[in-house]
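Each remark here refers to the structure printed beneath this line.
The values are calculated or read from the model by the stated rules, or taken from the named source; none is laboratory data. All of these numbers come straight from a predicted model, not from anything done at the bench. Heads up, the Cβs are rebuilt from the backbone with ideal geometry, glycines too, and the neighbour counts pull from every protein chain shown. When the accessible area is computed, the model is the full protein with side chains, heavy atoms only, and any ligands, DNA or RNA have been set aside. Shrake-Rupley method; radii C 1.70, N 1.55, O 1.52, S 1.80 Å.
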Amino acid sequence: MDKDIVKKINELGSTDKPFLFVISYDGSKAYVRKLSDINPEDCLYDFNGKTNINEKTASPLTSKITWEVDAPQYEEYEKSFDIVKRNMLAGNSYLANLTCRVPVRCNLSLHEIFLRSKGKYKLLMNDSTDNIGSFVCFSPEKFLQIRDGRIFSYPMKGTINASLPNAEKELMNDEKEAAEHATIVDLIRNDLSRVASNVRVDKYRYVDVLHTNKGDILQTSSEISGKLPDEYTHHIGDIIAAQLPAGSITGAPKKKTCQIIDEAETYKRGFYTGVMGIYENGTLNSAVMIRFVEQEKDGMAFKAGGGITSQSQCRKEYEEVLQKVYLPITE
């Protein structure tokens with residue numbers, strides 16, 4: 001992560017002034033503001049009810065929501081998939097999170113999507129002064145939490161359509177999904193050990209239900225925690241930087257897998273798969289920026305992906321990506 005960003009977050013953490021941070025995937029850009037200094041025209045957030053939204057409800061819809069997806073060519077996805085798989089066969093990686101950019105069309109603005117969408121962590125950015133861009137994120141995936149001197153991480157890996165017969169059993173018994181989840185849990189344990197002691201897995205592979213405009217999906221998560229040093233409030237920036245980029249959206253081993261991802265993906269992630277959060281009075285609540293719609297010059301784009309292992313099948317992974325291109329809005 002950029003040293004100036006780390007320094008700024010450390011300084012704000014030392015003052016105990018509540019602040020929000022939004023950090024890009026590669027750590028080169030960030031929006032960092034005291035909550036009292038945030039202009040709602042530049043940034044709206046809602047993290048589990050901690051929010052600066054003035055509107056209590058969205059205005060009634062005048063027409064049915066339209067949501068059209070321009071699915072990427074399977075052959076193009078296959079090229080990227082083959083790069084990842086070839087590196088796995090060469091022993092360079094054993095888990096990689098491959099993502100892609102998917103053009104979408106919607107009759108809602110980013111602001112309307114933000115107000116109507118359901119999500120544990122919601123963010124709307126429209127900031128040109130820091131070259132942040134315009135996007136909305138409605139992430140279900142926690143990144144780091146700090147409370148009572150302990151640090152927690154909640155990696156999310158493993159997805160299935162909830163409407164399938166015996167969906168939860170199928171997900172929990174899927175060997176590929178189980179191996180992928182185990183790998184990420186091990187990676188996160190190692191990452192947390194860089195900043196904390198007595199790191200442990202508190203809960204392993206539990207199921208969450210996510211509600212979308214295309215129906216419910218199930219995803220598996222785990223809880224991992226460790227004890228922070230007494231002076232951790234002066235090093236919040238360093239703690240965050242030591243975990244980036246997040247293991248769940250890169251892979252293992254992390255450094256080499258990031259290089260493979262850079263070669264395989266045909267676009268720049270930007271703030272997608274970066275992290276966002278609020279720090280206040282010794283506590284941290286943050287999320288990985290997945291489920292992400294960006295306003296670009298030629299229209300909206302949804303960015304989505306999934307974990308690839310040696311057991312992965314290209315067609316199945318492609319279909320999983322499309323499954324994740326949704327709005328968490330139920331009409």
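Does Y318 fit the bill of being in contact with a Phe, Trp or Tyr (Cβ under 6 Å, 6 or more places away or on another chain) and farther than 29 Å from S36 by Cα? For Y318, the condition - in contact with a Phe, Trp or Tyr (Cβ under 6 Å, 6 or more places away or on another chain) and farther than 29 Å from S36 by Cα - is met. If you go through the stretch 202-246 and keep only what is open to solvent by less than 20 Å² (accessible area, probe 1.4 Å), within 22 Å of T183 (Cα to Cα) and among the small types (G, A, S), you end up with S221, S222, S225, G226, A242, A246.
Looking at the stretch 212-331, the helices (runs of 4 or more DSSP H) lying wholly inside it that each contain 3 or more residues that are hydrophobic (A, V, I, L, M, F, W, C) and closer than 26 Å to D4 by Cβ sit at 236-243. Under the condition of being part of a helix (DSSP H, G or I) and open to solvent by less than 30 Å² (accessible area, probe 1.4 Å), which residue from the stretch 71-82 is farthest from E320 (Cα to Cα)? Ranking the qualifying residues of the stretch 71-82, first place goes to S80.
Any chance you could count how many residues in the stretch 1-37 are of a type in the set (S, T, N, Q), crowded, with 18+ Cβ neighbours inside 10 Å and under 24 Å from Y267 (Cβ atoms)? Looking only at that region, the number is 1. All of (1) open to solvent by 30 Å² or more (accessible area, probe 1.4 Å); (2) assigned to a helix (DSSP H, G or I); (3) more than 27 Å from Q313 (Cβ to Cβ) hold for N198 with one exception: (2).
Of the residues making up the stretch 135-157, those that are in a loop (DSSP other than H, G, I, E, B), touching a residue at least 60 places away in the same chain (Cβ under 8 Å) and out of contact with any helix residue (DSSP H, G or I) (no Cβ under 8 Å at 6 or more places or on another chain) are P140, Y154. Apart from one condition, E68 fits all of (1) closer than 22 Å to F292 by Cα; (2) touching a Lys or Arg at 6+ places or on another chain (Cβ under 9 Å); (3) surrounded by 12 or more Cβ atoms within 10 Å (Cβ to Cβ); the exception is (3).
Restricting attention to the stretch 283-304, the residues being open to solvent by less than 10 Å² (accessible area, probe 1.4 Å), small (G, A, S) and out of contact with any Asp or Glu (no Cβ under 7 Å at 6 or more places or on another chain) number 2. Does F19 meet the test of being farther than 30 Å from A178 by Cβ and of a type in the set (F, W, Y)? Taking the combined requirement at face value, the residue satisfies it. Against the criterion of being open to solvent by less than 60 Å² (accessible area, probe 1.4 Å), in contact with a Gly (Cβ under 6 Å, 6 or more places away or on another chain) and either part of a loop (DSSP other than H, G, I, E, B) or over 25 Å from L284 (Cα atoms) (or both), N92 does not qualify.
Taking the stretch 163-185 as the range and being under 20 Å from M88 (Cα atoms) and surrounded by fewer than 16 Cβ atoms within 10 Å (Cβ to Cβ) as the test, the residues that pass are E175, A182. In the stretch 42-65, the condition of being in a strand (DSSP E or B) and open to solvent by 50 Å² or more (accessible area, probe 1.4 Å) is met by at least one residue. Within the stretch 11-41, the set of residues being at pLDDT 95 or above, assigned to a loop (DSSP other than H, G, I, E, B), farther than 16 Å from N281 by Cβ and in contact with a strand residue (DSSP E or B) (Cβ under 8 Å, 6 or more places away or on another chain) comprises S24, K29, I38. Of the residues I160, I132, I113, the single one that is buried (at least 17 other Cβ atoms within 10 Å of the Cβ) and touching a helix residue (DSSP H, G or I) at 6+ places or on another chain (Cβ under 7 Å) is I160.
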